[in-house]
Structures are given as C-alpha cells and as structure tokens.
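Have a look at the structure below, then the notes.
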Amino acid sequence: MMMNNHFFHLVKHSPWPILVALNLINLIMGVVKLVYNNSFFFFFFFTTVLIVSQWWRDIIRESLYEGSRSLKINYIIGAGMIFFIVSEVWLFVSFFWMYFYFSLSPDMNLGSVWPPYNMIQMSFMDIPMLNTLILLMSGFFVTWTHYELTMNKFSNVTSSLIMSILLGFYFLMIQSYEYLNSNLSFNDSVFGNSFFILTGFHGLHVMIGLIFLSFMMIQLIKKSFSLMNFHGFEYSIWYWHFVDVVWLCLYLSIYWWSM
C-alpha cells in the first residue's frame, strides 16, 4: 500500500459528479416545464436521488470502512459545507431582493399598491402559521437527535429523527394543499411570480434536506456512525436549520408583512 506524504485524500475516479451535473441541468429545465403542467421534473428528480444515493454510498465507504478521513479533511469538508450554505443564502437573498423591489415601490401597472388589486389575500394565521410550527418542530426533533447522540443516549435517537423527517414530509403535503386550493397562479402579475418562486424554491430545498436526513437515518439504523464519521449528520442539521430560517423569512415577509 502506498503511503501519502500529505493529509489530503485523493479521490478515485467517479462517474457521479458529471452525472449529477447533467441531471441538475435537466432538473432545472423540468422546473420550467412544471409551470406548463409537464411531469419531466419528477422523473429527473427521481434520477437525481438515485445518482446522489450512489455517490453518498461511496463517500460513506471511504470514510467509514477505508479510513480516508482525517481531522484535517473533515475540517475542510465542513468549511466546504459552510460555503455551500452561504451560496444558498445568497440565492434566496436575490429572490427576496426581487420581492422587496416590487413590493416597496409598486409599479403603476399594479395600481401602485401591494398586493395588486384583485389579489385575494391569505391569512398568515391559517395554513402558513401551521406550516411554520411544523417546520420548527421538525428542527427541534433533529436537534434533539443530535443532542442524544452527543450524550451517548441511543434510546430515542431513531424515533426522534423519524419524527423530524415525517414532519418535513407533512410540511410538503400542507404546502401542496395550499398550492392546490390557492386563488393565486403563477401568471397573476409579479405578485404571483414572486410568491411561487420563493415558496417553490424553498419547497425544493426542503426535499433536498429530507433526502439528506433520510440517508442519515439509514446510517443510524445500520449503526454506521463513528467518531470520525459523525460529521455528515451535523452537516444535514446545518442544512435543515438553514431551511427553517429561510421559511421564517418567507413567513414574515410574504404572509405576515405583505398580507
């Protein structure tokens, strides 16, 4: 076996990065087609999940069984995850910038008011409040799972993580119900555009977070965690709390302040 004179892990040749990149292009095109009632999005989302699962399987093998992770490498991966979340923050900053640009100075075509005329307002105390409580409870359960793991208390770890995932899926179900029963559409001026873009992209990130947490749950059930392989679960918690914070900003700006 060849010994390395550096602490970096030189990854092996893998087909998954290029496949994920190509599939993400198709996934974005599927989002555009979804506006026109096309189902390509769900097909490419499913294939993305399959490819990502194979990629994460290889990463788990490298860290858990091959011992290819050192403290320095874990530190670098953690920094990469932080930069990834920061890039996601700026993505939503651009969307919120668009929203406040149109809402703080409504165009004359909108009647110089916000929301525009004939836009049926939704109560922030109705479904949005329920969704907020559900997502916050999901964040509480995933944080409780992390606390139990750090305290070496394994009695309720799996059940609390499953509860967090179920609440996340329940959030998506209620969001879908809101879409189906809403009087708004994507074509209802810039108000409808901004509403569905912000809530839709947030829902997409909730799906990604649920996939992340589901893989961590599989690892937990299979007892695949170790002191050197515990960081993936922490990264999933970071991402899930990021989703929580984005939703709170959405709730305060779109549902409470605007309505």
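The values are calculated or read from the model by the stated rules, or taken from the named source; none is laboratory data. Keep in mind the model is a prediction, meaning the values are calculated, not measured. For neighbour counting, all protein chains shown are included, and Cβ atoms are generated from backbone atoms with ideal geometry for every residue, glycine included. Keep in mind that these areas ignore ligands, DNA and RNA; they rest on the heavy atoms of the full protein, side chains included. Shrake-Rupley method; radii C 1.70, N 1.55, O 1.52, S 1.80 Å.
Computed values, structure above
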| read-out | value |
| --- | --- |
| Expected 222 nm ellipticity per residue - DSSP helices of 4 or more, -39500 (n - 2.57), all of the chain, to 500 | -24500 deg cm²/dmol |
| Shape metrics for the chain, restricted to C-alpha atoms - Rg then Dmax, Å | 20.8, 73 |
| For the stretch 13-68: relative contact order, % (alpha-carbon pairs under 8 angstrom, 6 or more apart) | 33 percent |
| Qualifying lysines (Cα of each under 26 Å from Cα of LYS153; at least 8 residues distant if same chain) | LYS222, LYS223 |
| Fraction of accessible area attributable to carbon and sulfur, the stretch 71-255 (%, probe 1.4 Å) | 72 percent |
| Taking the chain and dividing mean pair separation by its residue count, relative contact order in percent (alpha carbons under 8 Å, at least six apart) | 22 percent |
| 0 to 90° range, to nearest 10: angle between helix 231-250 axis and the chain longest Cα axis | 10 degrees |
| Accessible area expressed per residue, the chain, with surrounding protein chains retained (probe 1.4 Å, Å²) | 59 Å² |
| Acute angle (nearest 10 degrees) that the helix 40-60 long axis makes with the longest principal axis of the chain, alpha-carbon atoms | 30 degrees |
| Accessible surface of the stretch 13-68 [probe 1.4 Å, protein heavy atoms]: carbon and sulfur percent | 71 percent |
| Packing rank of 203-212, 12-21, where each peptide gets the mean count of other beta carbons within 10 Å, highest leading | 203-212, 12-21 |
| Crossing angle, helix 71-104 versus the chain [Cα axis fit, 0-90 degrees, rounded to tens] | 0 degrees |
| Net +/- balance of residues flanking ILE134 in space, Cβ distance below 14 Å, scoring K and R +1, D and E -1 | -3 |
